[in-house]
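The next block holds one structure in the form of structure tokens; read it before the comments.
The values are calculated or read from the model by the stated rules, or taken from the named source; none is laboratory data. Just so it is clear, the structure is predicted and the values come from calculations on it, not from any experiment. Glycine also receives a Cβ, built like all others from the backbone with ideal geometry; neighbour counts cover every protein chain displayed. When the accessible area is computed, the model is the full protein with side chains, heavy atoms only, and any ligands, DNA or RNA have been set aside. Shrake-Rupley method; radii C 1.70, N 1.55, O 1.52, S 1.80 Å.
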Amino acid sequence: MILEIKKRMDLLQSVSEETYGKMHEIVDILTTSIKNGGKILSAGNGGSAANAQHITGDIVGRYKMERRAYAAITLSVDPSVMTATGNDYGYEEVFARQVEGLGNKGDVLIVLSSSAHSPNLLKAAKKAKEQGLITIGFLGNNGGSLKKHCDYSICITPKDSDLSEEYAMTMNHIILAEFEKQLVNQEIIKGKED
């Protein structure tokens, strides 16, 4: 048990200044998208799908502050869409088809992957870029092949799915706390001006 705790402590203590910078950029991207009437799409497989749902819950519901709901959709939660698309087009298309149907220029697609090689996420990221969405990756395996298809990515070197998923959620919680705070503060200022 101590070794597992140490692995996680070492991983978080290794966060670089470059990663801090990317986190600030991601906060700004998410804030700008929501402020301009956009939405946040998220996708992942397995444990990363659960993280994508968690992110959406924190955006639509709330994370730390009482405020209005913001627009977000997790692409893995509709079994009818997933199974129909998988049946008709193949599992590799299950997220790309939803990005095509739901994504608009100015929206954001967050992809989460511990392997960073998932074909369905690669196709989704490519489709998002075609449609003018900003793509953000939280990726294990040092970014794998997905990294080059993301506008912004936060990567970890280990291939361990558990570490990658835990790191991704920790980074997202930190980002979402700041994102929420910025939007609430902007809404308060706008409310005072009106």
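Structure values in brief
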{"item": "Lone qualifier among Ala116, Ala124, Ala96 - being in contact (Cβ under 8 Å) with a residue 60 or more places away in the chain and touching a helix residue (DSSP H, G or I) at 6+ places or on another chain (Cβ under 6 Å)", "result": "Ala124"}
{"item": "Residue match in region 67-90 (condition: part of a helix (DSSP H, G or I) and touching a residue at least 40 places away in the same chain (Cβ under 8 Å))", "result": "no"}
{"item": "Residues located in region 144-169, provided they are assigned to a helix (DSSP H, G or I) and either under 12 Å from the mean Cα position of the chain (by Cα) or among the aliphatic types (A, V, I, L, M) (or both)", "result": "Leu163, Glu165, Ala168, Met169"}
{"item": "Among the candidates Tyr167, Tyr152, residue that is hydroxyl-bearing (Ser, Thr, Tyr) and surrounded by fewer than 21 Cβ atoms within 10 Å (Cβ to Cβ)", "result": "Tyr152"}
{"item": "Lone qualifier among Ser118, Ser80, Ser76 - being open to solvent by 70 Å² or more (accessible area, probe 1.4 Å) and small (Gly, Ala, Ser)", "result": "Ser80"}
{"item": "Residue in region 125-143 that is assigned to a helix (DSSP H, G or I) and touching a Lys or Arg at 6+ places or on another chain (Cβ under 6 Å) present", "result": "yes"}
{"item": "Those residues of region 1-23 which are open to solvent by 70 Å² or more (accessible area, probe 1.4 Å) and touching a residue at least 24 places away in the same chain (Cβ under 8 Å), in sequence order", "result": "Lys7, Leu12"}
{"item": "Test: residue in region 92-101 that is assigned to a helix (DSSP H, G or I), of a type in the set (Lys, Arg) and closer than 30 Å to Ser14 by Cα", "result": "no"}
{"item": "Which listed residue is open to solvent by 20 Å² or more (accessible area, probe 1.4 Å), within 17 Å of the chain's Cα centre (by Cα) and of a type in the set (Gly, Ala, Ser), from Gly61, Gly90", "result": "Gly61"}
{"item": "Residue count, region 24-58 (criterion: open to solvent by less than 20 Å² (accessible area, probe 1.4 Å), farther than 19 Å from Leu121 by Cα and in contact with a Gly (Cβ under 7 Å, 6 or more places away or on another chain))", "result": "2"}
{"item": "Any chance Gly106 is part of a loop (DSSP other than H, G, I, E, B) and either of a type in the set (Phe, Trp, Tyr) or at pLDDT 95 or above (or both)", "result": "yes"}
